Amino acid sequence: MLLFVMKRHSPAYDKVLKRIFPDCLETNEGAGRSSYCGFLIDKAGSVDEVYQQYHDEWTLVEGAAAKLRSERENEVWQLRIEGQAEEQAQWQAEVEQARRQKEEAMRQKEKELGRCKQQWTRCKLSMSAMECDTSVAIVLFSSSSTFSS
């Protein structure tokens, strides 16, 4: 900012000095802007003020940029967290559904096993074991081995 101001106003400053000192020749003997045509030019208090204003303004610009960057990072972070929470909720729902399906399948197997046991018990209690349906015994045997594993 300071360099911009200096670049913009230096031609006007140079013209004014040439009007004030028309007989002077420019030299580069001094260290840059500290002298003009051999005359010492003291640094004015306004340069310090301009520098301080520039520094203050630049600090505000940096602060605003840092705040904006922080807000964007927070937004991205929040979106990531929300996405992860959504994925976790969906995963939890799928796990819960799979658990319910497994429990329902186990209840069905237990129900079938109970029915087979009742039929087998009735069959054993009947007069002749030969009248019993051997398929019930096979189902009972296979169900109990599947159920226990």
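Every read-out reported here was derived from the displayed coordinates using simple, explicitly stated rules and does not represent laboratory data. Source: prediction; values computed, not measured. Quick reminder, even Gly has a Cβ in these numbers, built from the backbone with ideal geometry, and neighbours come from all protein chains shown.
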Subject >> Inter-label distance, nm, simple model (7 Å from Cα along the C-beta direction), His55/Val76 >> reply: 3.3
**OP:** Count the net charge of all other residues whose Cβ sits under 13 Å from the Cβ of Glu110, scoring Lys and Arg as +1 and Asp and Glu as -1.
**Re:** +3
